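**Q** Quick one: this structure, given as structure tokens, is what I'll be asking you about.
The values are calculated or read from the model by the stated rules, or taken from the named source; none is laboratory data. Computed from a predicted model, the values in this text were never measured in an experiment. Using ideal geometry, Cβ is built from the backbone for each residue, glycine included, and neighbour counts are taken over all protein chains shown. Ligands, DNA and RNA are excluded from the accessible area calculation, which covers all protein heavy atoms including side chains. Shrake-Rupley method; radii C 1.70, N 1.55, O 1.52, S 1.80 Å.
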Amino acid sequence: MIIDLARLLLFPALMAFAASSDLFTMTISNRVSLLLVAGFFVLAALGGMDLQAMLSHVGCGLTVLVAAFACFAFGWVGGGDAKVAAGVALWFGFGHVLDYLLYASLFGGALTLLLLQFRQWPLPNALGRQAWLLRLHDRETGIPYGIALATGGLMIYPQTEWIKAVDLARFAII
């Protein structure tokens with residue numbers, strides 16, 4: 001039951017933290033990425049994932065890490081975004097990573113368009129005292145893409161083996 005709780009809560013909690021952190025501070029702590037990696041290995045081992053599957057997931061995470069750091073090198077995404085995308089890819093493996101990247105791209109495009117429009121309007125005085133909102137409104141500030149990465153991850157996560165392995169009958173209230 002503890003493994004099932006961890007499967008249900010760990011990944012979504014890390015995605016929520018990454019998104020909110022990026023929204024409020026425009027940074028994603030390295031701890032989020034480290035917890036994604038550690039959580040994957042702990043749950044994979046406790047859940048009985050075989051070595052071949054585990055190595056396939058690692059290969060997927062490394063592939064996305066290389067591609068994401070290329071995007072970081074070009075200034076298209078932040079370093080935290082690149083590491084979170086790789087951490088999510090580690091959890092999803094090759095079976096779900098393309099769907100994840102598609103969702104993250106679509107949400108990222110929508111978020112970018114919304115923020116570009118938001119930045120065209122003057123910020124009401126009542127909201128002008130919020131440092132995170134001023135930062136988000138600043139045209140020189142980037143896009144908190146961690147929101148899109150986390151949302152894409154949360155869209156795909158229920159379809160993964162992580163959730164399919166959860167015995168929901170254990171959580172039924174009688």
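**Q** In deg cm²/dmol and to the nearest 500, what is the mean residue ellipticity at 222 nm of the chain if only DSSP H runs of at least 4 residues count, each as -39500 (n - 2.57), divided by the residue total?
**A** On the way: 7 runs with 126 residues, N = 174.
Taking each H run of at least 4 residues, the total per residue is -24500 deg cm²/dmol.
**Q** Ignoring ligands, DNA and RNA, what accessible area per residue does the chain give at 1.4 Å, in Å²?
**A** Details: 9810 Å² over 174 residues.
Computed with neighbouring chains in place, this is 56 Å² per residue.
**Q** How big is the Kirkwood radius of the chain, worked out from every pair of different alpha carbons and given in Å to one decimal?
**A** Values: mean 1/r = 0.0586 Å⁻¹.
When all Cα pairs of the chain are included, the Kirkwood radius is 17.1 Å.
**Q** Quick one: which of 127-135, 30-38 comes out on top by average Cβ neighbours within 10 Å, and what's the full order, highest first? Walk me through the numbers before you get to the answer.
**A** On the way: 127-135: 12.2, 30-38: 16.9.
Sorting 127-135, 30-38 by mean packing, highest first, produces 30-38, 127-135.
**Q** With Cβ to Cβ distances under 13 Å as the rule, what net charge do the other residues near LEU14 carry (K, R +1; D, E -1)?
**A** Details: positive: ARG7, ARG31, LYS83; negative: ASP22.
Residues close to LEU14 contribute a combined charge of +2.
**Q** If you roll a 1.4 Å probe over the stretch 74-174 with all protein chains in place, what percent of the accessible area is carbon or sulfur? Working shown, then result.
**A** On the way: 3830 of 5830 Å².
Roughly 66 percent, rounded to a whole number.
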